[in-house]
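Here the structure comes first, spelled out in structure tokens, and everything after it is commentary.
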Amino acid sequence: MTSAATPLVPAVYYLRILPEIVLTVFGAVIMLIEGPARHVGRGRTTRWVALVGALTAFAAVWIQSRHPGYAFSHLFRVDGFTVFFGFLLTAIATVIILMAMDYLPQQHLDRGEFYALVLFGTVGMGFMAGATELILMFIALEISSISTYILAGYRRHAPKSTEASLKYLLLGSFATAFFLYGIALIYGATGTTQISAIARALAHPSAGAAVQTGQIVLLGAALMFIGLGFKVSAVPFQVWTPDVYEGAPAPVTAFMSAAPKAAAFAIFLRIFTVALAANSHAWFWLLWAAALLSMTVGNVAALLQNNFKRMLAYSSIAQAGYILVAFAALGADGVSAVMFYLAAYAAMNIGAFAVVSHFAHRDERYVDIRNYAGLGFRAPWPAFCLSVFLFSLIGVPLTGGFFGKVYIFRAALHSHLVALTIIGLLNSALAAYYYLRPVVAMYMREAPVLPALAPGAPAGNIEPPIPPTAMSGPIAVVLALCVAVVIWLGVFPGSVLAYALRSARHLLHG
Amino acid sequence: MTLSLHLWLIPVLCFLGFALNILGGRRWPRRVAGWIGVLFPAAAFADALYVASRWGSFAVPYIETHGAWILAGPLSVPFGFQLDQLSLVMLLVVTGVGLVIHVYSLGYMAHEGGFYRFFALMNLFLFFMLLLVLANNFLLMFIGWEGVGFASYILIGFFFHRDSAAAAGSKAFVTNRIGDVGFLIGLFLIFQHFHGFDFTRVFAQVRAMPVEHAWTGLLTVIGILLFIGATGKSAQLPLYVWLPDAMEGPTPVSALIHAATMVTAGVYMVARSAAIYDRAPLALSVVLAVGALTAIFAASIGLLQRDIKKVLAYSTISQLGYMFMACGAMVYGAGIFHLMTHAFFKGLLFLAAGSAIHALAGEQDMFRIRERVPDGLKKYAPITFWTFVVATCSIAGIPGFAGFFSKDKILYAVLSGPRPNAWWWAVGTIAAGMTSFYMFRALFVTFWPDPARRGAASADGPVRPTGQEPAGAVTHAIDAAGFGAGPVLPQPAHPQPHEGGPPHEAPAVMTIPMIILAVLAALGGYIGINDRFEKFLAPVFATGVTPAPHAAAMGEGAVMAISIAVALAGFALAWYFYLARPEAAARAKHALPKLWSAIYNKYWVDEVYGAVFTRPLAWFSRVVLWRIVDAGVIDGAVAAVGGISRSTGGGLRKQISGNIRSYAGWIGVGAVVAIFYMLVAR
């Protein structure tokens, strides 16, 4: 009787994962178009399909947000937290697709599967954001990782790129193994893989086996911490980051530095602040140390980098450190600061990579900071945008980076993390130095005059200036969007922060 | 509300000037860009005057808020502006002096590239500065605080494609970030304990608190943290190092930002937070000590600089020290008074120096200026000369000039104010003597004929230099004696005429602003007679703390007499060494070579900072992180990948897998440490 009235899977469940469905469908369509087409420049149709797909998914997040609740026997949950990340991830995917429209033809790599991989990766990340069960988290993590492994090696003819892909794959698998083992141990200790059920089990341990399971839970927490620490490139699990960021195609680096990192933080937050909340006294110092090390190592190592992508890689390690500071602050304040910073960070970092990607040219020839000499006068608009992003990364007021840091350190101080706050602020003072270097190069140096040589050949130690490059429509849209978001978050941060705060309360209090 | 002053309009006007020029300036003729750049600050000044004219028709402090700016959970900050006696003074100084300097820039920058950009950024600076002084909460003030630093950074670095300018801009920016660490932590503490950023709200709660006598008291900690921010922005020990380098920027920028307005933001902030400082005597002592030490330290460096702008830069640092001394002595009114007169005379000094530099096509070395104009620049540029004389008398504390009144008030207050201290008074008085010396030195060297040369002209004259050397050689000896460049540059024995004829007076668009400021620098002090100025400001600084009364150590007349004596002594010494007996200066140098060289080299502070902070960090990044964590792995890999073609797959694979092993090793070590901590060490 009941089976007739209520279907096995209520329709609302599909609405709750609508963005992921949309992305999957569009990704599959791209692959279908891609197969039969054999001519060069095949990406020409598929990229528009991908763009429409990403935008539709963005709209689908809105529909998703109208239907909060669990789906598929508590595997997935739509709440403010999920929706926040859903908007962020689909927006990132949209921007990356626009960026690729400019970059791929320039590199003669314009094939459709790139776009499909971005969409599939976003599916994985969307599930990461909403998953409330460890196995789904793991599968989602793998879906997103495998897409990024392939994307990292997309410049198949460049040794650096294949090397990056291989390194990322091998080390990523290594780290994922830790994560999986951690899941197994937590399951062993609590008998469930459900986030809320784990939280309940740990909050009220059965008297007899308390000590024994305590050790297992701690080991499981440590292992999951290692796996996730790798994904967010926290020190000491960051070693892959510089090589992979340098080798991967610039739009992919932009993607990796923002989307998988945000999604990994979503899992990180759900597992540690909800499931393992009862053990926070145990893992707190791991976070504390990782935050401190990531900020310091990232910033100090970035000081002397000449390769722009490598510098941004170290910078992203340092930025992960700031985010970990907010994480260590715990509570709704800390979680909302993490979320706000991730949004601001995505805009400014992707923007910076978009400029780098735009000026990279064939085979990414111009990715040295010294190439940027005098660019401020030859390409005023992109140079201006890049300056905005760099100043935001420094944390100058009227940019999103400023309020991001304000919220992080306010939350940290509120939780009495005085040492971490001081070290973090000193770090951000130090970081100003290397973020200013490209600005100095662009506006305060003349482009070197090359001796008459074969065109394009590097002359001795002089880094050739970037030749004039026409702005394409998509890249202009990307830069305009990123600047708009950075400034908006820097002038009117209130609404996003209020939303993040509400979502954080959802997350923490059910 | 019966009356709305629309305070928001004042900063927004400056912002409009910025926006118009930055968007369209490139396409317009210079004249249009210049007019826009000047008219908007003029409108802001007019509005400020209008606001001042309505004084009395509204309740003070007047506060206007414009909607919710940030509204999230416990954090609620409106866009709010506040006008009280303190912000009125700052408002008038910033817009007034700002306007005058903008007009001057029309002439000064007339031949420079990027004309429209210059005015756009100057207007942007005014916008942020006005935000800073009009804000009704700490957060908006901080936005202005950072914004002025940002505008200053651009204005220092963006006009000359010189490495030194780029480095100076970055140095200013990074040094200020270090100060901001303290400031920000202070702000967070304020928010945490008073649940808001509003001045009214915070200070109301502060007023209910007792005076603290321990280093760990909340208000003491906040006060010291905020002051750390002030040492960055207002160039006090130990973070002053950026200001002398900032002189790389165009001279009007130095006048507006690095003398009259931005650098005084720290003083304004401390005075604004008087309620906090009054209850934190230890923080006040820190402010007093740092201010006094900076005053004498920077003044002593100023004694021997050759570059006229560097002299003025160290002088600014020193004068800011006086303002902090006043704050530390709890006589904020005197500090703000000095802030105002300083804006007049120091702004003027920079403008006049800029005019002299302009006349000689960019020469900043005073001794070279004198060499190139052997019969004295004062003959060729009389207005520049006379305004410089007025400003010098003002800063040196010659009675009757503006600087005399304000400096004297500070020194008297330090000696016998609410927190009397004879030692710091003595320090301040000695520094005042130094100030008088280096300023008159600058005046005599820049504008007077070379006394050594005068001797040569009349071979038998009484001022014939020692020995039988010809005059040129003596000039050389004095230069070598290092008034005093370290390396003596080979200089022609004959003065070089200015390109295109003799040096010339600046056009009226530059001299009129100088004359206006000269009038203010001369007469601006009379506003403070009978303590009128301080009484006007008193309501702002009535914080509910009344210091214990005590007997004055010395009468005001006696203090004043000592100040006058010291100022005249400085004048007399400068006259003796640089006009009457130039060879005596060389002898003095040879008598004390070590001291001379220490002062001339600015006590090697930059070098020490480099050795202690910059180089170890670079070393750590290069050697430890790069070699061990990063390049030990990378060098091999990338070199190999670059060198070996893809076809030789075997070798490549080996290389990469070698890397991966070491990377995995790092992750493994991290994992072991994490697990060990969780299971055992916790």
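Taking only C-alpha pairs under 8 Å that are 6+ residues apart, what is the relative contact order of chain A in percent?
Details: 873 pairs, mean separation 76.6, N = 510.
It rounds to 15 percent for chain A.
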* Asked: In nm, to one decimal, how far is the modelled label at B:Val32 from the one at B:Ser57, with both set 7 Å along Cα→Cβ?
  -> 3.7 nm
* Provide A:His361, B:His338 in ascending order of the number of other Cβ atoms located within 10 Å of each residue's Cβ, fewest first. => A:His361, B:His338
* To the nearest 10 degrees, how steeply does helix A:159-190 sit against the main Cα axis of chain A, on a 0 to 90 scale? -> 10 degrees
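Fewest to most neighbouring Cβ within 10 Å: what's the order for B:Thr543, B:Thr216, B:Thr511, A:Thr148?
Values: B:Thr543 18, B:Thr216 8, B:Thr511 22, A:Thr148 26.
Going from sparsest to densest Cβ surroundings: B:Thr216, B:Thr543, B:Thr511, A:Thr148.
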* Quick one: which residues, 5+ away or cross-chain, put their amide H under 5 Å from the amide H of A:Phe76? H built at 1.01 Å from N. => A:Ala71, A:Thr132
* What ranking of A:Tyr443, B:Tyr677 emerges when the number of other C-beta atoms within 10 Å of each C-beta is taken as an exposure proxy, fewest first? -> B:Tyr677, A:Tyr443
* Zone of B:Leu23 (label point 7 Å along Cα→Cβ, backbone N under 13 Å): which residues in segment B:31-63? -> none
* To do: Output the Cα-based Rg and Dmax of segment B:64-187 in Å, rounding Rg to one decimal and Dmax to a whole number.
  => 16.7, 53
* Relative intensity, log₁₀ I(q)/I(0), of the protein assembly as shown from a Debye sum that treats every alpha carbon as a point, q = 0.05 Å⁻¹ -> -0.38
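Give me D for segment B:142-200 in µm² s⁻¹, whole number, from Stokes-Einstein with Rh from the Kirkwood sum over alpha-carbon pairs, 25 °C and 0.890 mPa s. Numbers along the way, then the final one.
Numbers: Rh = 13.0 Å.
Answer from the Stokes-Einstein relation: 189 µm²/s.
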* **Principal semi-axes in Å for segment A:192-274 [√(5λ), Cα gyration tensor, largest first]** => 34, 14, 7
* Asked: Could you give the nm distance between label points at B:Ser597 and B:Arg661, where each point is 7 Å from its Cα heading toward the beta carbon?
  -> 5.6 nm
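Calculate the translational D of segment B:503-594 in whole µm² s⁻¹ from Stokes-Einstein, where the hydrodynamic radius comes from the Kirkwood formula applied to all Cα pairs, the temperature is 20 °C and the viscosity 1.002 mPa s. Each step should come with its number before you reach the end.
Values: Rh = 18.8 Å.
Rounded, D is 114 µm²/s.
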* Asked: Counting pairs of alpha carbon atoms under 8 Å apart in space and at least six apart in sequence, what relative contact order in percent does segment B:122-281 give?
  -> 28 percent
* **Amide hydrogen neighbours beyond the local backbone of B:Tyr240, cut-off 5 Å, H modeled** => none
* Asked: Helix A:113-130 versus the longest principal axis of chain A: what angle, 0 to 90°, nearest 10, using Cα atoms?
  -> 30 degrees
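Counting only helical runs of four or more DSSP H residues, what would the 222 nm mean residue ellipticity of chain A come to if each run contributes -39,500 (n - 2.57) and the total is spread over all its residues? Mind showing how you got there, number by number?
Values: 21 runs with 375 residues, N = 510.
Rounded to the nearest 500, it is -25000 deg cm²/dmol.
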* Structure fact -> Full extension between A:Trp381 and A:Ala277 adds, at 0.36 nm per residue less the Cα distance, a length in nm of 32.7 nm
* To do: Output ³J(HN,Hα) for segment B:529-536: one whole-Hz value per residue in order, computed from phi by the Karplus curve 6.51 cos²θ - 1.76 cosθ + 1.60 with θ = phi - 60°, and x for Gly and Pro.
  => 5, 6, 6, 4, 4, 5, 5, 4
* Net lengthening on full extension, A:Arg44/A:Arg365 (0.36 nm per residue, minus Cα-Cα) -> 113.1 nm
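Partner chain Cβ atoms within 10 Å, averaged over the residues of B:135-147 - can you pull that number for me?
Working: counts 0, 0, 0, 0, 3, 1, 0, 3, 6, 1, 1, 6, 3.
Partner Cβ neighbours, averaged per residue: 2.
Compute the length gained on full extension between B:Val673 and B:Ala208: take 0.36 nm times their separation in residues and subtract their Cα-Cα distance, giving the result in nm to one decimal. Walk me through the numbers before you get to the answer.
Details: separation 465, 0.36 × 465 = 167.40 nm, distance 4.98 nm.
Using 0.36 nm per residue and subtracting the Cα-Cα distance, I get 162.4 nm.
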* Summed residue charge, Cβ within 14 Å of B:Leu39's Cβ, Lys/Arg positive, Asp/Glu negative -> 0
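So if the hydrodynamic radius of chain A is defined as the Kirkwood radius over C-alpha pairs, what does Stokes-Einstein give as its diffusion coefficient at 37 °C and 0.692 mPa s, in µm² per second? Could the numbers behind the result be given before it?
Working: Rh = 23.1 Å.
Rounded, D is 142 µm²/s.
Take every Cα-Cα pair in segment B:326-461 and report what % of them are more than 21 Å apart. Could you put the intermediate results ahead of the total?
Details: 4585 of 9180 pairs.
Looking at segment B:326-461, the distances longer than 21 Å represent 50 percent of pairs.
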* Asked: If you plug each phi of segment B:45-60 into the Karplus form 6.51 cos²θ - 1.76 cosθ + 1.60 with θ = phi - 60°, what whole-Hz ³J(HN,Hα) values come out, in order, with x for Gly and Pro?
  -> 5, 4, 5, 4, 5, 4, 4, 5, 5, 8, 3, x, 8, 9, 6, 10
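Throughout, read-outs are computed from the coordinates displayed, never taken from laboratory work. Bear in mind that the values here come from a model prediction, so they are computed numbers and not experimental data. Virtual Cβ from ideal backbone geometry, glycine too; neighbours counted across all protein chains shown.
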